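Colleague: Got a structure here, written out as structure tokens. Questions coming.
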Amino acid sequence: MPQRHSTPLAAHFLRRFVAVYVALSMVGLAAMAVVEYQRQRARVLEEINALAATFGPVLGHAVWDYQDTAVTAIVHGIAQDPDVVEVRLPAAPGFASRREASPNGGEPSDFVRIEMPLTIAGESGATQRVGTLVIASSKAILWRHVVADLAATAAAMGAVLLLGAISLWMLVRRLLVDPLTRLSSQLLQETQLTAGVARRLPRFAGREFALLRVRFILLLRQVGRAQAELRRSHGLLEARVDERTLALSQALAQRERLEEELRQLAFHDALTRLPNRRLLLDRLDHAIRASKRHGSHPAVIFIDLNKFKLLNDTYGHDVGDKLLIVVAERLQAMVRGGDTVARLGGDEFVVLSNDLGRDRAEATANATLIAGKIRSTLTEPCVIDGVHHACSASVGLQVFSGDEHDAEAVLKQADAAMYADKKAPRANSVV
């Protein structure tokens, strides 16, 4: 008899408890999923923006220089990022469009996608667009991260549900169901409610329900303490995430600074900040390709300072270095925005002047005029640390077209012209 009454009553309380807990857990998990989804979307967007900012400039230069292998390698490398599902590079001049699918799977989504214009900086400071880099993630990746982050929370809630159900079952049976069942059995055995039973019933019911209420209050307090601990742990986790995010941002900024310093060291002269021989040859190759396309005639003007060694030996290397800086500033001030002034080392400078004319004779005349201006500009006297110095230079030039020379050959012929001019200082040597 007691078991027949106790089992349905305990099951009723258990079903109510499970239903309420499951409903609240589902609402909580849904809210957490929405918040986590937005956080993961912001994180993924930040990640692919960082990828675009890191590889975009390098990719732009690779597209501009027709480095097909480098473009393919960079696009493939970006696609290997775990948050990327597709990398696209729409067709640019001289290139076929590219689409690299990631092994991560998923359909690309406009909801998690960035488009970055690929630009390069011209010598005049203006930027030129050479293409667009498109990096996309997917909602499937976002939900994958959300599910992974919420799995532990769901497991903890399941464990709490199981423990709570068992505890409630035992609590209800011990404090409510079994006493009420015994009381019911006693009443059924009595033909009428005796005075003794009447006296015991209020005290019994009040004591048992009060005890049940106290137990629930204690349980709620325990839940409150657990929630406070959970909030504290959540706050600590968010603080650690913020610290990691800040550290990552600082590391990325430091890497960008180091990359810029390495780029400067690799392609520029340390003293004058002018392009070095490596960067000059790269731009000379580019000028040769442009000459082939447009039929223009560029020119290389090779400059060597006369008696520079005597100045160094007489007044010291500090004065010589400052003279080199003055020469670099004068050369940069007189050339056009699209031209290049480079220092090869020592007292040798080179000016690359682009598109001097479609006719070779016209280009030669223009190059000779530029060489004369350079000679006149460098002969203007200057004062360096109290030393009055009138500089002179030997100048040789080489006019070329894309079908005639490679970069090294053009530079060597301009060098030979400069040495011819050095032997005859009053004459310009033109090839």
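The values are calculated or read from the model by the stated rules, or taken from the named source; none is laboratory data. In this text the structure is predicted, and so the values were computed from the model without any measurement. Every residue, glycine among them, receives a Cβ derived from its backbone with ideal geometry; neighbour counts consider all protein chains shown.
Colleague: Within the stretch 288-305, how many residues turn out to be at pLDDT 90 or above and either within 33 Å of the chain's Cα centre (by Cα) or closer than 16 Å to L344 by Cβ (or both)?
Modeller: 6
Colleague: Another question, if that's okay. Can you name every residue in the stretch 300-342 that is in contact (Cβ under 8 Å) with a residue 40 or more places away in the chain and within 18 Å of A287 (Cα to Cα)?
Modeller: V300, I301, F302, G337, G338, D339, T340, V341, A342
Colleague: Also, quick follow-up: Quick check on S376: is it surrounded by fewer than 13 Cβ atoms within 10 Å (Cβ to Cβ), of a type in the set (S, T, N, Q) and over 26 Å from A270 (Cβ atoms)?
Modeller: In short, yes.
Colleague: Inspect all residues belonging to the stretch 379-392 and state whether any of them is buried (at least 18 other Cβ atoms within 10 Å of the Cβ) and at pLDDT 90 or above.
Modeller: no
Colleague: Only residues that are of a type in the set (A, V, I, L, M) and not in a strand (DSSP E or B): list them for the stretch 265-300, please.
Modeller: L265, A266, A270, L271, L274, L279, L280, L281, L284, A287, I288, A290, listed by residue number.
Colleague: Give me the pairs, please: first residue somewhere in the stretch 245-264 and assigned to a helix (DSSP H, G or I), second residue anywhere and at pLDDT 85 or above and surrounded by fewer than 10 Cβ atoms within 10 Å (Cβ to Cβ), beta-carbon distance under 8 Å, and either six or more positions apart or on two chains.
Modeller: Taking only residues 6 or more apart or on different chains, not a single pair turns up.
Colleague: As an exercise: evaluate A333 against (1) surrounded by 14 or more Cβ atoms within 10 Å (Cβ to Cβ); (2) over 33 Å from the mean Cα position of the chain (by Cα) and give the number of the one condition it does not meet.
Modeller: So the condition that A333 fails would be (1).
Colleague: Considering only residues that are surrounded by fewer than 23 Cβ atoms within 10 Å (Cβ to Cβ) and under 26 Å from S392 (Cα atoms), which ones fall in the stretch 285-313?
Modeller: Once the filter is applied, which keeps residues that are surrounded by fewer than 23 Cβ atoms within 10 Å (Cβ to Cβ) and under 26 Å from S392 (Cα atoms), the stretch 285-313 yields D304, L305, N306, K307, F308, K309, L310, L311, N312, D313.
Colleague: Sticking with this one: Of the residues A420, A363, A409, which is surrounded by 18 or more Cβ atoms within 10 Å (Cβ to Cβ), hydrophobic (A, V, I, L, M, F, W, C) and within 23 Å of L281 (Cβ to Cβ)?
Modeller: Among A420, A363, A409, only A363 is surrounded by 18 or more Cβ atoms within 10 Å (Cβ to Cβ), hydrophobic (A, V, I, L, M, F, W, C) and within 23 Å of L281 (Cβ to Cβ).
Colleague: Please work out if T72 is at pLDDT 80 or above, in the same structural domain as A155 (by TED's automatic domain parsing), hydroxyl-bearing (S, T, Y) and assigned to a helix (DSSP H, G or I).
Modeller: Yes: the conditions hold for T72.
Colleague: Look through A361, A299, A266, A342 and report the one residue that is farther than 21 Å from D415 by Cα and of a type in the set (A, V, I, L, M, F, W, C).
Modeller: A266
Colleague: Across the stretch 77-102, which residue is nearest to E260 (Cα to Cα) among those that are modelled with pLDDT of 80 or more and either surrounded by fewer than 16 Cβ atoms within 10 Å (Cβ to Cβ) or among the polar types (S, T, N, Q) (or both)?
Modeller: G77
Colleague: Need the failing condition index for R232 against (1) among the basic types (K, R); (2) farther than 30 Å from A342 by Cβ; (3) within 30 Å of the chain's Cα centre (by Cα), just the number.
Modeller: The failed condition is (3).
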